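Data first, discussion second: the structure below is written as structure tokens.
The values are calculated or read from the model by the stated rules, or taken from the named source; none is laboratory data. What you see is a predicted model; the values in this text were computed from it and never measured. No Cβ is skipped: glycine too gets one built from the backbone with ideal geometry, and neighbour counts run over all protein chains shown.
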């Protein structure tokens, strides 16, 4: 059970604008939304299934929810507002409402185990909680855990006078707090400042030239920072944000056409999923797209090529970046003529860092491979729990660098090749190897369409999509690409890989299955 000792732990606070102070340089998330609002209040801001809202309606609902939150919090100024919701109109308005209330928003997934959500609520030190219908359904279970919701007002809809205007915030205030799992599985709170997000949004708006005629896909759960791209590139340009339901993927081309989507953003795993449908991923099937962006996991060369064939009027880009560096911090534009030559293990280059960001390669090997460390305008200030900072930062050259845990090396021309995670390096029979290298070899084998390799107790298991083939035949073919010691001990053919809430391959689930099979 949580105690009050861990509920109100001191953390990064930021600063508040003093009464009467001038508006500072740099936009907050509220400013980005209100920029789109000022372009046309009657323009469509959001579509969720059959529901839609224009900018004026969305602002009114967010102000009403914010007023309810402010009235419920002692002192009328919440610092942190939880959002227990999942891609509903209430969820999107609630995210804005937290900003309008002058607070940091803390997205929470209603489908997560109650104990995990309780730990996040405690770590964040919430002053209030906004819940949609699905979130409200799990409140009784949370309330049954001792001390979790004590003293935290819960808002499920407007219930008081709305705010006339959003409460002010400063660039150095926390915009949102997201939780990632550490090596022990304990959620780690990542506070991202308004100035971090502002630096990011300024870059992407300038790069892509978004405008009010654009329609943006929204594929990521709100607990994932990539959702902030969907929302505030869309709203910051006066465009329309369209929530993409899981049912849409069966006929994605039709959904994209009916919704008029022009900017697509998702995890790369989607491409493989679409390609495995009976009709595959037809060439020219998504002509409305002008930008096709992928992030969250490695983008494979054949996935980029297949998507570009399906959306030939779009530019395909590979975005890279951990939550701690605010959404994404580097980018590579796919060019069918040159990009394949820069791929390593079939993985598309992660490109070059954004302006204002700098890279340092830590503990470089003889071949130039090192751990990517990054600093700059988008770097977060540090974890909510200062103990989580240990081992995650490098102090060098008078600066603090965030250690991403990703292995990279420079390519000719200055782009970065992504080689995998430090924690995906495994030792098999005394040989250290990166799992991405095993997966590259597996994809070279006849009949294998996709592959994920996991290691359990020093033994490799390969999960495969494709034809049914005897394990001995697969092992024999692999020997042409890998030393015998690195050939997986077990091969498991599956119909599809498990995906998490953001449609990324769930490697933890596959590792757990491999461990269970090995018993």
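Data table
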read-out: Residue list for segment 330-351, restricted to those being in contact with a strand residue (DSSP E or B) (Cβ under 6 Å, 6 or more places away or on another chain) and without any contact (Cβ under 8 Å) to a residue 40 or more places away in the chain; value: 333, 334
read-out: Boolean, residue 281 is outside any helix (DSSP H, G or I), farther than 30 Å from residue 82 by Cβ and in contact with a strand residue (DSSP E or B) (Cβ under 7 Å, 6 or more places away or on another chain); value: no
read-out: Wholly enclosed strands (runs of 3 or more DSSP E) of segment 379-446 bearing at least 1 residues at pLDDT 95 or above and within 30 Å of residue 171 (Cβ to Cβ); value: 393-396, 399-410, 416-421
read-out: Options 213, 160; residue that is out of contact with any strand residue (DSSP E or B) (no Cβ under 8 Å at 6 or more places or on another chain) and either free of Cβ contacts under 8 Å to residues at least 60 places away in the same chain or not assigned by TED's automatic domain parsing to the domain that holds residue 97 (or both); value: 213
read-out: Filtered residues of segment 344-371 (kept if under 16 Å from residue 412 (Cβ atoms), in a loop (DSSP other than H, G, I, E, B) and modelled with pLDDT under 95); value: 367, 368, 369
read-out: Residue check for residue 232: in contact with a strand residue (DSSP E or B) (Cβ under 6 Å, 6 or more places away or on another chain) and not in a loop (DSSP other than H, G, I, E, B); value: no
read-out: Selected residue (criterion: modelled with the highest pLDDT) from residues of segment 1-29 that are in contact with a helix residue (DSSP H, G or I) (Cβ under 6 Å, 6 or more places away or on another chain) and more than 30 Å from residue 248 (Cα to Cα); value: 28
read-out: Filter pass, residue 466 being modelled with pLDDT of 85 or more, more than 26 Å from the chain's Cα centre (by Cα) and over 27 Å from residue 224 (Cβ atoms); value: yes
read-out: Single unsatisfied condition, residue 226 versus (1) touching a residue at least 60 places away in the same chain (Cβ under 8 Å); (2) out of contact with any helix residue (DSSP H, G or I) (no Cβ under 7 Å at 6 or more places or on another chain); (3) in the same structural domain as residue 125 (by TED's automatic domain parsing); value: (3)
read-out: Residue 174 in contact (Cβ under 8 Å) with a residue 24 or more places away in the chain, in the same structural domain as residue 117 (by TED's automatic domain parsing), crowded, with 23+ Cβ neighbours inside 10 Å and touching a helix residue (DSSP H, G or I) at 6+ places or on another chain (Cβ under 9 Å); value: yes
read-out: Qualifying residue in segment 398-414 (condition: in contact with a helix residue (DSSP H, G or I) (Cβ under 7 Å, 6 or more places away or on another chain), more than 23 Å from residue 434 (Cβ to Cβ) and either buried (at least 22 other Cβ atoms within 10 Å of the Cβ) or touching a residue at least 40 places away in the same chain (Cβ under 8 Å) (or both)); value: no
read-out: Some residue of segment 76-93 being free of Cβ contacts under 8 Å to residues at least 12 places away in the same chain, part of a helix (DSSP H, G or I) and surrounded by fewer than 21 Cβ atoms within 10 Å (Cβ to Cβ); value: yes
read-out: Complete set of residues in segment 97-117 that are surrounded by fewer than 24 Cβ atoms within 10 Å (Cβ to Cβ) and in a helix (DSSP H, G or I); value: 114, 115, 116
read-out: Condition check for residue 80: in contact with a strand residue (DSSP E or B) (Cβ under 6 Å, 6 or more places away or on another chain) and more than 23 Å from residue 165 (Cβ to Cβ); value: no
read-out: Number of positions in segment 48-74 that are within 12 Å of residue 90 (Cα to Cα) and not in a helix (DSSP H, G or I); value: 4
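To keep it simple, each residue is scored yes or no on (1) out of contact with any helix residue (DSSP H, G or I) (no Cβ under 6 Å at 6 or more places or on another chain); (2) at pLDDT below 95.
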| position | (1), (2) |
| --- | --- |
| 116 | yes, yes |
| 124 | yes, no |
| 130 | no, no |
| 139 | yes, no |
